[in-house]
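Shown next, in structure tokens, is the structure this report addresses.
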Amino acid sequence: MKQPKEGNWFKRHKILTVILGFIVLGVIVSAAGGGSDSNKSARTDSGSSVKTEDKETVAKVGEPARDGKFEFTVKSVTCGKASVGTNQYLTKTAQGQYCLMDLTIKNIGDEKQSLLSSDQKLFNAAGQEYSADDTATMYNSTDTASTWYNDINPGNSVSGVIIFDLPKDQTPVSAELHDSAFSNGVKVNL
């Protein structure tokens, strides 16, 4: 006759007990974690859940767009310029064509923020990214309200042009504007 084994199942199967413990813990953590921020559930009037996605903020030319402490308003983008500069000694020639983005930047924060043209980007229809040409932007600046580099105090605004060097056969379709190199940026359709 067989004798019953001593102890309960969990004591006899220690390895399986540990594995089951991890599985149960994983299920609890997953259930408590919820969904990601990009997929949120919303309740309809009938009480059922409907998934909604956060939409990226996109502005158009002439509309204010905010990123961090800055509110950007792109006035226009003009392409096709071969060279820029304020005099014969401070002139720069484009590799392709210069695109000039005329904009106003207002500090909406509560402390000064540094504007850098190198933090701004243009994109073509294929999604290729073009960085600002800092030297061309600096040479083109005729006033103290430079868009190449400027510390902007709270409530103050700066207007000017940031210059990009694009191939002659390309047209920018959007801009991504940043209050700093580490910000998420805001998109403006051109």
**Item:** Filtered residues of the stretch 117-133 (kept if surrounded by fewer than 22 Cβ atoms within 10 Å (Cβ to Cβ), of a type outside the set (A, V, I, L, M) and out of contact with any His (no Cβ under 6 Å at 6 or more places or on another chain))
**Value:** Ser118, Lys121, Phe123, Asn124, Gly127, Gln128, Glu129, Tyr130, Ser131
**Request:** Give the residue, chosen from Lys168, Lys187, that is part of a strand (DSSP E or B), open to solvent by 60 Å² or more (accessible area, probe 1.4 Å) and of a type in the set (D, E, K, R).
**Result:** Lys187
**Asked** Counting residues that are touching a Phe, Trp or Tyr at 6+ places or on another chain (Cβ under 7 Å) and more than 18 Å from Arg66 (Cα to Cα), which strands (runs of 3 or more DSSP E) fully inside the stretch 117-164 reach at least 2?
**Response** 129-131
**Request:** List the number of the failed condition for Tyr149; all other conditions in (1) loosely packed, with under 15 Cβ neighbours inside 10 Å; (2) aromatic (Phe, Trp, Tyr); (3) over 20 Å from the mean Cα position of the chain (by Cα) hold.
**Result:** (3)
**Item:** Selected residue (criterion: nearest to Thr135 (Cα to Cα)) from residues of the stretch 171-184 that are of a type in the set (Ser, Thr, Tyr) and open to solvent by less than 40 Å² (accessible area, probe 1.4 Å)
**Value:** Ser180
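The values are calculated or read from the model by the stated rules, or taken from the named source; none is laboratory data. Please read these numbers as outputs of a predicted model, since none were measured by experiment. Note that we place each Cβ from the backbone using ideal geometry, even for glycine, and neighbour counts take in every protein chain shown. Side chains are part of the model used for accessible areas, which takes the heavy atoms of the whole protein and leaves out ligands, DNA and RNA. Shrake-Rupley method; radii C 1.70, N 1.55, O 1.52, S 1.80 Å.
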